[in-house]
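Worksheet for the structure shown next.
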Amino acid sequence: MFASLTRLQRYYLYYTGGFLSFIGALAVLEQHGMPPRWIGYAFLCFTISMYALIGIACRTSDVSEYYVAGRRVPAFFNGMATGADWMSAASFIGLAGTLYLSGFQGLAYVIGWTGGFVLVALLLAPYLRRFGQYTIPDFLGARYGGNAIRLVAVAAAILASFVYVVAQIYGVGVITSRFVSLQFEIGVFVGLAGILVCSFLGGMRAVTWTQVAQYLILIIAYVTPVAILSYNVTGNPVPQLVYGQVLQQVTKLENRLFQSPVEVEVRELYRERADLYAQKIMQLPQSLNFEREQLSTQINQLKASDAQMRDIVALERQYRDLPRDPEQARVRWENAMFSAVDRSKTPIHHAEAFPGETVEEQNIMRVNFLALIFCLTVGTAALPHVLTRYYTTPTVRQARESVFWSLLFILLLYITAPAYAVFAKYEVLSHLAEIPITKLPGWVAAWAKIGLVSIEDINADGILQLAELSLNPDVIVLATPEIAGMPYVVSGLVAAGGLAAALSTADGLLLTITSSLSHDVYYRIFRPDASTQFRLVISKSMLLVVAILAATVAAQKPGTILSMVSWAFSIAGSAFFPALVLGIFWERATRAGALAGMVVGILLSIYYIIRVEFDSIPILGISGFGMEPWFHIQSTSSGLFGVAAGFMTIIVVSLVTKQDPRAASFLNTIRFRNGDGP
Amino acid sequence: MILKAELHWRKTRRLTFTLICLWLFITFGLTWFARGINEVVILGFPLGFYMAAQGALVLYLLIIWWYNRQMKKLDAEFGVENE
């Protein structure tokens, strides 16, 4: 049986077997009393040292090996590597959590992130491979000519990749801080070390073979807990087939819980709290002074009577924690008000599409759902770190096949994610709601400690109501094994999988950023005569700088993983998609057109994100520039406007400028060639 | 030679266009009506939910598979296999 396999396939088979026996051994050791903390360490050390070993074994200083793995990666393995490259911390950690929280609405991510590969397969991959250089800016530079377009492309690639890589490193921090109890900021830098070993030593070649190894770990880690859950709940270990039944049970539980009088009462209490905050915000700054006076009289009263020291200290801390000035009070109270408003809303049913109380609200949901799908598909087809993966196959045909394998390997995870969410919801609704708060399982406290789970007994009845529990979407996947009471080894496995997902994507992104800088900017524009050795030195030192910069930003916890990622997609889509597609399919597209279109696309997209999402930038000292969204479209879908504007600008400007005679011959070489072309 | 390339490109373009239209219909057409389609329930799955969670994904895979198959045939027909 083994004889028919290639050497590569055999290697990865042994590797998978080795990993499975490692899990088995840990499971046995846990039975014999190995403490959970050690299991966490064992997984962390084992997986990161595997990646490092592969990275060292594949080290290279050949330019073509460094940038495109020598174009020798077979379609099947390239598909697997693309899968790992593609599925980031957002897919692994964030997706099921978002599906858990928003039900059907979260499926926009599932459709968008898979549908984009159809665009990659049909519109881009074969043509990029036939062109066969190193980077996406290379392609745009060759098609349209000139350094200006190359520079714009590099800037866009770096911007989108950087936002995206920050989200990955943030994911690494979440995982390490929970499972091996490192401080969040330290966890970020430990993960960074793992990333650097691969990309630093061996560039694309090392990253490719590590990504295949990481894919295997991440898919095993993702499917295992759901399969166990599925077996426990339904007796069938294939969750994708049976979660329909569980979904029906969830709907029944939802119907009962959402309408129960206590839940309604709790939601009413949150509404009152929101109103209270709204009032306080209206009456600023008097309300702040009033609160301050009230607290200080209370403290004085307590001090005068012989109250317990503990109560006084608690009040004094409250006093110290009061907002310092009206501006700070407004920000803080607005946040408190919004979170109270969220909790006061009637929760939505999991399977309901475009929920809303009026037809108008439903239509807003529907439009946003489709807009998000649009941005994610187009972003998928425009992210440079994925597109460069199709440079690494030996032939055009293999590039096409490789897209098929990529999507297949990605589907395995994306088809499981909705099942994950439904099973997790079933567990929470049936085992966590309506139990006494003193009897809550240990995982709640553990996750509350790093601020991703919060519980508040607002009606003081000592029992947990659904509305009193708030889960961060990033928790669901990592905590599900604990929620369902599985052995700790499963939690460790999931953490290792999440780490693999975050590291593999971060590797691909860092490599894209640094090859843009060293190849496109340094070599192509500034020093075409630079020696190959020196180009690699530049590339590696850039890698170090960018990685440390990204980790520093991630340590500030700038937002949830998923919203950061969506912005990156909108930006990448607006910048690249129109220029790439028109560049391949429309001969008349000119340099001036492409340049104008890319600039307009990026700027519009960023402008929209900033004005809709933020109202002030304290560092620059400007504020009050927030605006109402256009057509109710959220900032995560800013690419809708960016891409549309990009297409229009390219078409209009191209039609009024003179056609470049070299375009036709360039297009001939990428559309059709039978071996005797350049 | 030029004519051959022209014909190959025309056929490629037609295949691409057809499949993109199919893709548009699955991604945006069907999804637009998800609320209505959800009334149909199969194996416990409301159909709209099922299409977005699994159905569309499998159809995407089939589109790519079909495209690869047709392109392989086309390339063989025009003798551009030997790259």
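The values are calculated or read from the model by the stated rules, or taken from the named source; none is laboratory data. Quick caveat, the model's predicted, so the values are computed rather than measured. In this analysis, Cβ positions are derived from the backbone assuming ideal geometry, glycine residues included, and neighbour counts consider all displayed protein chains. Remember, those area values only see protein heavy atoms, side chains included, never the ligands or the DNA or RNA. Shrake-Rupley method; radii C 1.70, N 1.55, O 1.52, S 1.80 Å.
Please determine, by comparing only the residues of region A:483-517 that are modelled with pLDDT under 85 and under 30 Å from A:Asp457 (Cα atoms), which one is surrounded by the fewest Cβ atoms within 10 Å (Cβ to Cβ).
A:Gly485
So is A:Leu257 open to solvent by 50 Å² or more (accessible area, probe 1.4 Å) and either modelled with pLDDT under 85 or of a type in the set (Val, Ile, Thr) (or both) or not?
Working: open to solvent by 50 Å² or more (accessible area, probe 1.4 Å): no; either modelled with pLDDT under 85 or of a type in the set (Val, Ile, Thr) (or both): yes.
Criteria not met by A:Leu257.
So which pairs qualify, if the first residue must be in region A:227-252 and at the interface with chain B (Cβ under 8 Å from one of its Cβ atoms) and farther than 13 Å from A:Tyr420 by Cα, the second must be among the hydroxyl-bearing types (Ser, Thr, Tyr) and surrounded by fewer than 14 Cβ atoms within 10 Å (Cβ to Cβ), the Cβ gap must be under 7 Å, and the two must be at least 6 apart or on different chains?
Short answer, once both residue conditions are applied: none.
Could you tell me which residue of region A:105-129 is most open to solvent (accessible area, probe 1.4 Å), considering only residues that are farther than 17 Å from A:Ile373 by Cβ and more than 9 Å from every other protein chain (Cβ to nearest Cβ)?
A:Arg129
Can you tell me which residue in region B:5-23 is farthest from A:Met365 (Cα to Cα), limited to those that are open to solvent by less than 80 Å² (accessible area, probe 1.4 Å) and facing another protein chain (nearest Cβ under 8 Å)?
B:Ala5
When A:Tyr390 is evaluated against the numbered criteria (1) open to solvent by 20 Å² or more (accessible area, probe 1.4 Å); (2) within 28 Å of A:Ser566 (Cβ to Cβ), which criterion, by number, is the only one it fails?
The single condition A:Tyr390 does not satisfy is (1).
I'm checking my understanding of the structure. Among residues of region A:643-678 that are open to solvent by less than 70 Å² (accessible area, probe 1.4 Å) and among the charged types (D, E, K, R), which one is modelled with the lowest pLDDT?
Restricting to residues being open to solvent by less than 70 Å² (accessible area, probe 1.4 Å) and among the charged types (D, E, K, R), the top hit is A:Arg673.
Test A:Tyr215 against the criterion of being within 14 Å of another protein chain (Cβ to nearest Cβ) and among the hydroxyl-bearing types (Ser, Thr, Tyr), and give yes or no.
Details: within 14 Å of another protein chain (Cβ to nearest Cβ): no; among the hydroxyl-bearing types (Ser, Thr, Tyr): yes.
Here the answer is no, as A:Tyr215 does not meet what is asked.
Given (1) within 13 Å of another protein chain (Cβ to nearest Cβ); (2) in contact with a His (Cβ under 6 Å, 6 or more places away or on another chain), where does A:Tyr134 come up short, assuming only one miss?
Unmet for A:Tyr134, out of (1) within 13 Å of another protein chain (Cβ to nearest Cβ); (2) in contact with a His (Cβ under 6 Å, 6 or more places away or on another chain): (1).
Let's see how each residue does on (1) without any contact (Cβ under 8 Å) to a residue 24 or more places away in the chain; (2) β-branched (Val, Ile, Thr); (3) part of a helix (DSSP H, G or I):
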residue	(1), (2), (3)
A:Glu361	yes, no, yes
A:Asn368	no, no, yes
A:Phe374	no, no, yes
A:Pro394	no, no, no
A:Arg400	no, no, yes
A:Leu413	no, no, yes
A:Ala417	no, no, yes
A:Ala421	no, no, yes
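Just one of A:Gly94, A:Gly132, A:Gly145 is open to solvent by 10 Å² or more (accessible area, probe 1.4 Å), touching an Asp or Glu at 6+ places or on another chain (Cβ under 7 Å) and not charged (D, E, K, R); which is it?
Being open to solvent by 10 Å² or more (accessible area, probe 1.4 Å), touching an Asp or Glu at 6+ places or on another chain (Cβ under 7 Å) and not charged (D, E, K, R) holds for just one of A:Gly94, A:Gly132, A:Gly145, which is A:Gly145.
May I ask you to list the residues in region A:220-229 that are buried (at least 24 other Cβ atoms within 10 Å of the Cβ) and either under 19 Å from A:Val250 (Cβ atoms) or of a type in the set (Val, Ile, Thr) (or both)? Steps first, please.
Filtering region A:220-229 down to residues buried (at least 24 other Cβ atoms within 10 Å of the Cβ) leaves A:221-222, A:225-226, A:229.
Correct list: A:Pro225, A:Val226, A:Leu229.
From A:Val378, A:Val341, A:Val386, A:Val444, grab the single residue that is within 14 Å of chain B (Cβ to nearest Cβ) and part of a helix (DSSP H, G or I).
Result of the check over A:Val378, A:Val341, A:Val386, A:Val444: A:Val378.
Out of the residues in region B:59-83 that are among the aromatic types (Phe, Trp, Tyr) and facing chain A (nearest Cβ under 7 Å), which is surrounded by the fewest Cβ atoms within 10 Å (Cβ to Cβ)?
Within region B:59-83, the match that is surrounded by the fewest Cβ atoms within 10 Å (Cβ to Cβ) is B:Trp65.
Pick from A:Gln308, A:Gln362: which is at pLDDT below 80 and open to solvent by 20 Å² or more (accessible area, probe 1.4 Å)? Outline the logic, then answer.
Details: A:Gln362 fails: at pLDDT below 80.
After applying the criteria, what remains is A:Gln308.
For residues in region A:523-554 being free of Cβ contacts under 8 Å to residues at least 12 places away in the same chain and of a type in the set (Phe, Trp, Tyr), which is farthest from A:Tyr67 (Cα to Cα)?
Step by step, filter region A:523-554, then rank; the result is A:Phe526.
Return the residues of region B:33-53 that are under 30 Å from A:Val581 (Cα atoms) and out of contact with any Leu (no Cβ under 7 Å at 6 or more places or on another chain); say none if nothing qualifies. Spell out how you get there, then give the answer.
Within region B:33-53, the subset under 30 Å from A:Val581 (Cα atoms) is B:33-34, B:51-53.
Matches in region B:33-53: B:Phe33, B:Ala34.
With (1) crowded, with 24+ Cβ neighbours inside 10 Å; (2) outside any loop (DSSP other than H, G, I, E, B) as the list, and A:Val73 as the residue in question, which single condition is left unmet?
Exception for A:Val73: condition (2).
Determine, yes or no, whether A:Glu613 is at pLDDT 80 or above, surrounded by fewer than 21 Cβ atoms within 10 Å (Cβ to Cβ) and charged (D, E, K, R).
The answer is no for A:Glu613.
Find all pairs meeting these conditions: Cβ atoms under 9 angstrom apart; at least six residues apart or on different chains; first residue within region A:264-293 and in contact (Cβ under 8 Å) with a residue 60 or more places away in the chain; second residue among the hydrophobic types (A, V, I, L, M, F, W, C) and not in a helix (DSSP H, G or I).
Going by the 9 Å Cβ cut-off, the qualifying pairs are A:Val266/A:Ile458; A:Leu269/A:Ile458; A:Tyr270/A:Ile458; A:Arg273/A:Ile458.
Report yes if some residue within region A:630-642 is part of a helix (DSSP H, G or I) and at pLDDT 90 or above; otherwise report no.
Filtering region A:630-642 down to residues part of a helix (DSSP H, G or I) leaves A:630-632, A:635-637, A:639-642.
Okay, now just the ones that are also at pLDDT 90 or above, so A:641-642.
Checking region A:630-642: at least one residue is part of a helix (DSSP H, G or I) and at pLDDT 90 or above.
Take region B:24-58 and flag every residue that is over 16 Å from A:Arg366 (Cβ atoms), surrounded by fewer than 18 Cβ atoms within 10 Å (Cβ to Cβ) and within 9 Å of chain A (Cβ to nearest Cβ).
Once the filter is applied, which keeps residues that are over 16 Å from A:Arg366 (Cβ atoms), surrounded by fewer than 18 Cβ atoms within 10 Å (Cβ to Cβ) and within 9 Å of chain A (Cβ to nearest Cβ), region B:24-58 yields B:Val41, B:Ile42, B:Leu43, B:Gly44, B:Val58.
Being assigned to a helix (DSSP H, G or I) and farther than 27 Å from A:Ser402 by Cα is true for just one of A:Ala206, A:Ala227, A:Ala213. Which residue is that?
Only one candidate qualifies: A:Ala227.
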